[in-house]
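One structure is given below, encoded as structure tokens.
The values are calculated or read from the model by the stated rules, or taken from the named source; none is laboratory data. Keep in mind that what you see is a predicted model, and the values were worked out from it rather than measured. Counting neighbours? That spans all protein chains shown, and the Cβs are built from the backbone with ideal geometry, glycine included.
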Amino acid sequence: MKITSHFEIENLNYGSISVGDSIYTPDGLDADIISIQEQGEMDCYEIELNNNKKIRTANTHFNPVCFRQENKKKIWDNITTQFIVDNFNKYKFEWFDESNYKDFNDFKILLKALPCHEYEPSDDIEICESLDDSKCIKSIKYIGKETCKCISLNDPLGLFYAGDDVITHNSTFTMLALLYIACHFALMRDPWKFFGKSRTTVFIIALCAVTQGKAKEIYNEPIRQLIESASFWHWCRTHQEMLNEEKHLQESDVIEYIPWTTAVDASVFATGNGLQWKTASGDGNIIGLNILVGAMTEINFFLEAGKGWTPDKVYRFFSKLKERISNRFQSNYYARFILDSSPSSLDDPIQNWMTYDAPENPSNYIWRGSRWNLYPEEFPSFCDVENLHTLDQKVTEHHNYDVAFRLYKGGSGKPPIVCETESEASQFDNADLIWCPKEQVTKNGTASFLGKAKENPLDFLKDWCGEPSGTPDRLFYRDDWIEDCFDNGLKNLYGSIVALADEQPEHLIWNQIQNQFFYKVMNRYYFYYEPNVPRVVSVDQSKSRDCTCIAMSHVEKDPNRIDEHTRLPMTIYVTDFTIVLVPKGGHINLDAIKFFIYDLKNLGGINLRHVSFDGWQSDPARQFLSRAGINVDYVSVDKLPEPYYTYYDLVTHGRWVCGKNIFVKNNMKSLHEVRRKQTGTIKIDHFEGDLDYEWEKGNWQSNVVTGYNAKDTTDAITGNIWLMNLYSNEFIPQKFFYKDAQLERTIENIEKKNAQLLNSLNLV
């Protein structure tokens, strides 16, 4: 049997398939079915579309549908049938099928790319307005419980599951290793005597993941499926029945089966000799346990999940698990710790340990490999497929740029870089370069590996080369870019100020900063630098934990640099100040912010064209300023990455400058790209970790971390830039003044020049 259609899979009678049949995989390849595993009875539904197409699917099966949009763009999600059932009356769902794409291969590639997740319903969901009505779900009805199966393939990517379970090649190896140890443990006559433990000791295999649910999904359920499919494992209905079976086997000279049961308290199941399997999602779950074997999967899941997980916290969990196994069992042969994970960044403590520390200990076995190490037959022009006796003989480096390219692994603030010639590679150390094949040969033709690497060098390095990157996905991965942004000639608050909620808000901020940025002439205040140019102010506000930042900016022109597109002097974005309010000793005074903006316009004479807030508790301030005749906008730089990408472009091309502020500097270092768990979209966020407000403890060149693990100031600055681009017709610079005369922008010099001017006019 040859199964080639997605709908054939969905409507397939699994009772009609057998080992040896061929089926397509999510990456568009054909693969043979090598085993069929029972999943037991599951709740099944029949979905009917408006075009009368019908699909039968289990409640945990993931389905590609669209029910929402972002900025008028349709968003496709892979969500369970159960979610559709629960929200059928709330949302309208369009079903995705191969007819959505002309090229069926593109459809299969998209299915692979769609993230599988259980979407959390929210009132903030932007319901899609452009669904194809003919493909929308007309009805969904429960058809009862049916026996479901999962299908194992000989595909390099691993397994195709018709249900909810996803098993990678990493976790598959881990499960086999765990079962290997469990079998040996079950065959022992007296494990308590063997390990030198009292008879009250309960031995534990700990299955660790970011959540209990993730541990169950990746480890527990698949392991149970393997046990259930094997004839030498005997399921016992009760715990007492398993104890009776164990006693019988201990008295026997022949072991024909190993008993196991799910009837155990606070455990997922127990196998022979009372070995219990538990899930854990933090070091609190393993306190007091005699852990014989621990398994931990995908450290990146922890960081992506958020919820307080930082690299250091993950490392502590990892270390405590290892230490508990080692301390309780003194490195016994069966006492093992298994970590299966895709490579991450060397900035990650666990990845750093695996790369540098772990190899120093001979008891650690570390294995990683590239795609061409594992499957050299897919790379005939690059690999020596005639001689595959050992792993080391699989790959022959031709040093030939006709069939290969080199990839710089990244490091010292530089991202991975593709090198197609020797001259491009010569700027890097050979130890930091990897030879990679240009092409991959599949059953469906030749795919460009060079194209994959160019598209996303960082993901290619981790996913295809099996190598950790030398740098995380930092937005500004070069520190010199950041340093070059700060001009000593521009004034700014180096640190922060305090404005607490129990103080009177009127003039609270103005009184603290006026003497630093404004000078007074005949009872009028003037900004120290080009006071009449149009400006914008943006606020990223908080209440108690994070800082609040108020940023003001304007645009100028640099007469010494010509824009290659407009052939005009290049526009420069100048941030006039970044005022950071820290919650020292209480809550930040939010009312003081609106009064300060009012003071900037009415006392400081600022030509204030537009103001923006990020939305959080900003309605009162926006209403107040609007009544005062100030244009106020709502600008959120979190929803889409474009505002930060604009900021990135300005910084990397030397088109944004600011006076020195330690919070801004460290905010910029903390920015990195993350992928939203639910939608798979990119956002710019900061690294997780504790905040530090004590800027007085260091100087500009020190490693002080003030403002790190936050992005309050950069959010405000990015809001400035977004505002000026949004109303670009109001911000056309008429003067060439930035660095034109290398002004010494001190209030003393300005007051001296003003005094000279007044004297020349016989004015005092």
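For the stretch 566-581, does any single residue satisfy the condition of being of a type in the set (D, E, K, R), in contact with a helix residue (DSSP H, G or I) (Cβ under 8 Å, 6 or more places away or on another chain) and within 23 Å of Phe486 (Cα to Cα)?
Taking every residue of the stretch 566-581 in turn, at least one turns out to be of a type in the set (D, E, K, R), in contact with a helix residue (DSSP H, G or I) (Cβ under 8 Å, 6 or more places away or on another chain) and within 23 Å of Phe486 (Cα to Cα).
Considering each residue of the stretch 358-381, count those that are in a loop (DSSP other than H, G, I, E, B) and of a type in the set (Asp, Glu), and give that number.
0
Among the residues that make up the stretch 357-377, is at least one of them at pLDDT 80 or above, aromatic (Phe, Trp, Tyr), closer than 23 Å to Gly213 by Cα and crowded, with 20+ Cβ neighbours inside 10 Å?
no
Listed residues Thr446, Thr471; which is within 29 Å of Asn666 (Cβ to Cβ) and either assigned to a strand (DSSP E or B) or at pLDDT below 80 (or both)?
Answer to the selection: Thr471.
If you go through the stretch 291-337, how many residues are farther than 20 Å from Val202 by Cα, surrounded by fewer than 19 Cβ atoms within 10 Å (Cβ to Cβ) and at pLDDT 75 or above?
Total satisfying the criteria: 4.
Counting residues that are surrounded by 16 or more Cβ atoms within 10 Å (Cβ to Cβ) and β-branched (Val, Ile, Thr), which strands (runs of 3 or more DSSP E) fully inside the stretch 480-542 reach at least 2?
535-540
Working only within the stretch 185-218, note down all residues that are touching a helix residue (DSSP H, G or I) at 6+ places or on another chain (Cβ under 8 Å), basic (Lys, Arg) and not in a loop (DSSP other than H, G, I, E, B).
Within the stretch 185-218, Lys214 is the sole residue that qualifies.
Restricted to the stretch 378-399, and to residues that are out of contact with any Phe, Trp or Tyr (no Cβ under 9 Å at 6 or more places or on another chain) and either closer than 15 Å to Glu439 by Cα or of a type in the set (Lys, Arg) (or both), which residue is modelled with the highest pLDDT?
Among those that are out of contact with any Phe, Trp or Tyr (no Cβ under 9 Å at 6 or more places or on another chain) and either closer than 15 Å to Glu439 by Cα or of a type in the set (Lys, Arg) (or both), it is Pro380.
Taking the stretch 219-255 only, how many residues are out of contact with any helix residue (DSSP H, G or I) (no Cβ under 8 Å at 6 or more places or on another chain) and not in a helix (DSSP H, G or I)?
Matching residues across the stretch 219-255 total 9.
Can you give me the number of residues within the stretch 226-256 that are at pLDDT below 85 and under 15 Å from Tyr180 (Cα atoms)?
So the answer is 4.
Run down Asn71, Asn52 and say which single residue is at positive phi and modelled with pLDDT of 80 or more.
Asn52
Are there any pairs with C-beta distances below 6 angstrom linking a residue in the stretch 364-379 that is more than 27 Å from Ile350 (Cβ to Cβ) to a residue that is modelled with pLDDT of 80 or more and hydroxyl-bearing (Ser, Thr, Tyr), with the two at least 6 apart or on different chains, and if so which?
Sorted first by the residue in the stretch 364-379, then by its partner, the list stays empty.
So which residues in the stretch 616-645 are among the polar types (S, T, N, Q), surrounded by 15 or more Cβ atoms within 10 Å (Cβ to Cβ) and modelled with pLDDT of 90 or more, if there are any at all?
Within the stretch 616-645, just Asn631 meets the criteria.
May I ask you to list the residues in the stretch 560-592 that are assigned to a strand (DSSP E or B) and more than 27 Å from Tyr528 (Cβ to Cβ)?
Passing the criteria: only Ile562.
Give the residue that is modelled with the lowest pLDDT, with candidates limited to residues of the stretch 410-443 that are among the hydroxyl-bearing types (Ser, Thr, Tyr) and in a loop (DSSP other than H, G, I, E, B).
This residue is Ser412.
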